[in-house]
Every structure is written in C-alpha cells, then in structure tokens.
Amino acid sequence: MHCPELLSAMPESALAAVFRTRLYRVSVDWFRQVTATPQTMNPPGGRPWWVGWLDPIGRGSIRNLPAVLALLGAGQVLAADVLDDAQKAVERKACLVCHQMETIAYRDPTTGEIRDLHIDRDRFAQSNHAALACTRCHDKDYVRYPHRQGSADEALTCAGCHDDDPKFERYRFKAVEAEFDRSVHVRENPDRQHPGLKQQKLTCFSCHNAHVFRATQPGEAIEQIVQGHNRVCMSCHTAFQDPTQVSHAWLPNREAHWKAVRCLDCHTQQSALPSHEILPAGQGVRSCDDCHSKGSTLLNQLYSYRSEQAIASQGLLSTAVFNQAYVVGMSRNVLIDRLALGLLGLTLLGLIAHGVGRYRAYLAKRSQA
Amino acid sequence: MNALYLYSLWVRAWHWINALLFLVLILSGASMHFSGVTWLLAFETARPVHNVAGILLTLGWIVFVLGNLLTDNGRFYRIHWRGWLTRMTEQSWYYAVGIFRNAPHPFHPSESEKFNELQKLTYLGVMYALMPLLIVSGWAFLLVPYLPETLFGIGSVWVVAMTHLTVAYLLVLFLLTHLYIITTGTTLFSNHRAMITGWHREDV
C-alpha cells in the first residue's frame, strides 16, 4: 500500500491528532531545511532536485518520504481546520439569518418587557468572539427552531471560559470577578437585581456585549479607546449625554476631560489595567493632583501605552528621536522647580556679587600701581 | 611667560561640541518643561531637537570616557589624597577671600596637574555621576514600557522624570558657575583661549 493510500485509509481525526504532535512539527522543520538547501538533495549528474517533488512516490524518492508525510499531514490538519471553521461559519450564518434583523425581539412572558435579540453582524465580525460557533456559548438546543423555552439561558461569565487559559492570563479574569463583586453595582444590589436592568440579573454582559466586545489593541487611537470604554458606562448612565445636566460641573473643562479620560480612570482605584471595582460616586477622584502630578498611575499608564505604541509602530531609533509619548507637564514639579530656580537665582546673584568684588580689588590694585 | 600644551585636539573638540549640546538641551528641555511660554521653542520643535541632542550627548559622553581610558588625559582626574584637604582649603579660601585681596593663585597648572582640587572634584562629579544619571534617565523615558510599573513604590515615569529634572537643574547650576569660574584665570579670557588653542599661558 502506498503512503497516500495508507494515510487516506486512516480516520481523519486520528491522523489530524497525530500530525498536530511533535512528529508533525519535526517533519515540517525537516521539510524546511530540505527545501532551503535543495542542492544537497541533488546527486552530481542526477535529476534536478525538484523532480522528486513532482513525483513524490516515484522511483528514487524514498528519501523524500518524511517530507511527503509532513505535507500530507499538514494538508490533513489544514483541511480539518478549514472544515471546522466552515462548520462554525455555517452555524453562525444560520443563527444570523434571524438575529441580524434589527427588529427581532420578544416580550418576556414573566416581566412583559421587550427583549432585544438583534446582533449587529458587522460589529460581531470585528469582535473577539467572531470565530466562535454560537453553540460554543449558547445552549446546544438553540440549533433547533423554534427554540425551546427551556433552552434559556446559560449561566455564562467571562471567567467561566477564560479563567484557565494562559493566553488570557494578563487580563486576570479571576481578579476581575472579585473586583466586580466589590463594585458599587453589586454592593448596592447584592441580589444582583439592578433596578435599571428590568428584572435581568447583573452579570458581565450587563455592561459588556459579548457579540461586539473587542479588547484594546496596541496601535488604537487613545481617543477611540476612551470613547469605547465610556460608551459602556453611558449605555446605562444616559443622563450624562445631556449637555444641560449639571453633574461634574465642578470639573474644569468638563467636556475636554470626558473626551480624553475614561470614566474608570476617576471612578476606580487606578491600576495598570482598568479595575472593575467601580467606586461609589462620592469616592471618585476629585483632586487635580491625583492625575496631573506626582507619580500618577494614570500618567504612568498613558505614557507607557503611548511609548509602547510608538516603539511597535516606528521602531526604537525613530521613537528615540520623535518620542511622541512625552506628555506636556509630565516632568513638572512645583517644589523642585521653585527650589531649583531659587538656587539658580541665588547663585547668579552670588556670582555677580563675587564679580563686583573682584572688579573692586582690580581697581584697588591698579590705583596702588 | 610659561606655556603648556594642556588640551589636546580631541579634548577641545569634545568640550565645544558638549558645550553646544548643553545649550541646545537646556533651551529645548526648558521649552518642553515650561511648554506654552512664548519666548521658548514650540513644543513640537523642542521635542525632536532635545531627543537628537540627547542622543549626541550620550555619544559624546562615551567618547569622553573612552578618551580618558585610552589616552593619558585620564590622569588629570585622579585625586591625590596626600595634602588634599590642605589644597582644597587653600583653593576655597582663595575664591572666597584671597581673590578680593589680589592674593596670588594657590594653584599653577603643570604637565601632571591640569586642574585644581575644586575643579577636579566638580568635573568628576559632573562627568561620572550627574552625566550618567542624566543620560540613563533620559533614555529611561524611551524605555518606560520595559520598566516596572513602580520604582521604590512610586510610579516609574515620575521617578524617571524627577531624576532627569533634578539632574538637569544641577547641571545648569554647574554651567552657570563654570562660566564664571573660568574667568578667574590669569586674565578674564586666558582659560577660554587655552580651550581654543590647547596652550595654557601664564606669567611666571
């Protein structure tokens, strides 16, 4: 039996599993080495090296067998991935046939509230969850239509999927859950029945729409990041969109702050990543110094982000010359400025006085001469 | 008239390039720090000017250190502890009192000693303490993403910024006194001339 026949006789999943292993990677590495130095495969006066590839199972091509196996394995894995992706896409498309309609909704029989079931197709395609099959999160019974009432609804949380995945370690989902539990939203509504949510439980998805959620990427404009974060808050705190409202009237340049600063930056304890422990309104930052001077975490965070972004996009040398991360005022310190300028002023006066003394000594010497 | 060749070409070239970079860095640094003051440079101009001058200053400092290691210029910075306190006291007394009484200079440069003890101490502090701190803190602004979030319990950007600012002020203070002290040679401009021609001249 030739190798391809042997391979095709094996179940696809078993073969795919085999070639996902170290053997597959070693074979691919070997294949790269071989293709990178073709002349070593070409005995003097023999056939051109590439003939063996055109006729992989032909005469004299046995030395190519591992590479052929690797190629076929890669093909199998690729085919399996493509098939998997295609299945997910078919499933998403089937769901979106109905759920992309802007008017799709139903009246909750218990509360009488209208529940919006619309999913924005374009924003979903841009989201972090765009490649998942709908049934990865939602109950399998949703594939049947009409959906059975018992299918609703899953006790999903972000940490439920992401907590154990080392890929998401930096987002510290476990800590986020604990922060959320300490937040004003949960503290004031320990039964998680927030009055604004019309009988729905307060969960991650009360603020974060999993169908549009997209984590911030280096390179995104800071204004967009700020707007994206604030949009989440404004979706409930709609009163702030009214330009005539008086909240935050104490804040100098209120509109400028709202455009440039995330709500979280003042309404959480400042940390490297946004905290989910939203503080009560009275405990928000009110002191200008907390952001605009000494060692502010916000300044640290902003400068680091801009610097990282600049190095990633322009390279180290270009950033060294044009370092656009520098924020006006970041090196200001009233105490150091006053002390240093005072010392410089006194030194200058002292030097002038010294110079005058020297000149008088010179005049005295000249008069004696 | 006694003439000594004390400043070799590379030392003079380094000195004047360094002096020019100091002025550019002070002007552009002040323009960034006090951004918005009309008679200073525009922030957008000052930023790249300061960064380029900073890179050149770093290269200049490396040349200075290597030059002192590889040539005999380094010997002028060695402190000789025997009689050091006496020489320091004499020099300080001269600047504080003797100079107003037309007292003679307590120090006369020679082929083995180019600087008096006060000069030596100042230049050592400036070139081997303040300059490295200034350069490291300047580059740290660029490398902040790779620094820990806090240093000594304070935001690292602030630590970097305050170090850079404080050292910069101290170097401005040095420049101010340096510009004055060099006029205390045999004549007002004899030290300037020496740093241009390389020859130190004084009446014997």
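The values are calculated or read from the model by the stated rules, or taken from the named source; none is laboratory data. Being a predicted model, the structure only gives us computed values, none of them experimental. No Cβ is skipped: glycine too gets one built from the backbone with ideal geometry, and neighbour counts run over all protein chains shown.
Brief remarks on what is shown
- Taken residue by residue, region B:141-160 has at least one member that is facing another protein chain (nearest Cβ under 10 Å), out of contact with any Gly (no Cβ under 7 Å at 6 or more places or on another chain) and closer than 20 Å to A:R338 by Cα.
- Test: B:Y180 is facing chain A (nearest Cβ under 8 Å) and among the aromatic types (F, W, Y): yes
- Residue check for A:V328: touching a Ser or Thr at 6+ places or on another chain (Cβ under 6 Å), within 9 Å of another protein chain (Cβ to nearest Cβ) and farther than 28 Å from B:T184 by Cα: yes
- Answer from B:V37, B:V11, B:V52 - the residue that is closer than 18 Å to B:F141 by Cβ and either outside any helix (DSSP H, G or I) or out of contact with any Ser or Thr (no Cβ under 6 Å at 6 or more places or on another chain) (or both): B:V52
- Residue that is surrounded by the fewest Cβ atoms within 10 Å (Cβ to Cβ), among those in region B:192-204 that are in a helix (DSSP H, G or I) and touching a strand residue (DSSP E or B) at 6+ places or on another chain (Cβ under 8 Å): B:R193
- Scan of region B:138-159 for residues that are at pLDDT 90 or above and surrounded by 20 or more Cβ atoms within 10 Å (Cβ to Cβ), ordered by number: B:G138
- Per-region count, region B:55-102, residues touching a residue at least 60 places away in the same chain (Cβ under 8 Å), within 14 Å of chain A (Cβ to nearest Cβ) and not aromatic (F, W, Y): 3
- Only listed residue being in a helix (DSSP H, G or I) and at pLDDT below 80, chosen from A:A74, A:A94: A:A74
- Meets criteria (farther than 22 Å from B:R47 by Cα and within 21 Å of the chain's Cα centre (by Cα)) for B:V126: yes
- In region A:157-170, the residues that are surrounded by fewer than 15 Cβ atoms within 10 Å (Cβ to Cβ) and either in contact (Cβ under 8 Å) with a residue 24 or more places away in the chain or in a helix (DSSP H, G or I) (or both): A:G160, A:P166, A:K167, A:E169, A:R170
- Filtering A:L363, A:L348 for residues that are more than 10 Å from chain B (Cβ to nearest Cβ) and assigned to a helix (DSSP H, G or I) leaves a single hit, A:L363.
- A count restricted to region A:221-243 and to residues that are assigned to a loop (DSSP other than H, G, I, E, B) and closer than 28 Å to A:R306 by Cα stands at 2.
- Residue among A:S313, A:S318, A:S287, A:S293 that alone is modelled with pLDDT of 80 or more and more than 7 Å from chain B (Cβ to nearest Cβ): A:S318
- Test: residue in region A:335-342 that is among the basic types (K, R), more than 7 Å from chain B (Cβ to nearest Cβ) and closer than 26 Å to B:L188 by Cβ: no
- Flag for A:V356 being among the aliphatic types (A, V, I, L, M) and facing chain B (nearest Cβ under 7 Å): no
- On the stretch given as region B:27-54, residues that are touching a residue at least 12 places away in the same chain (Cβ under 8 Å) and within 11 Å of chain A (Cβ to nearest Cβ) total 11.
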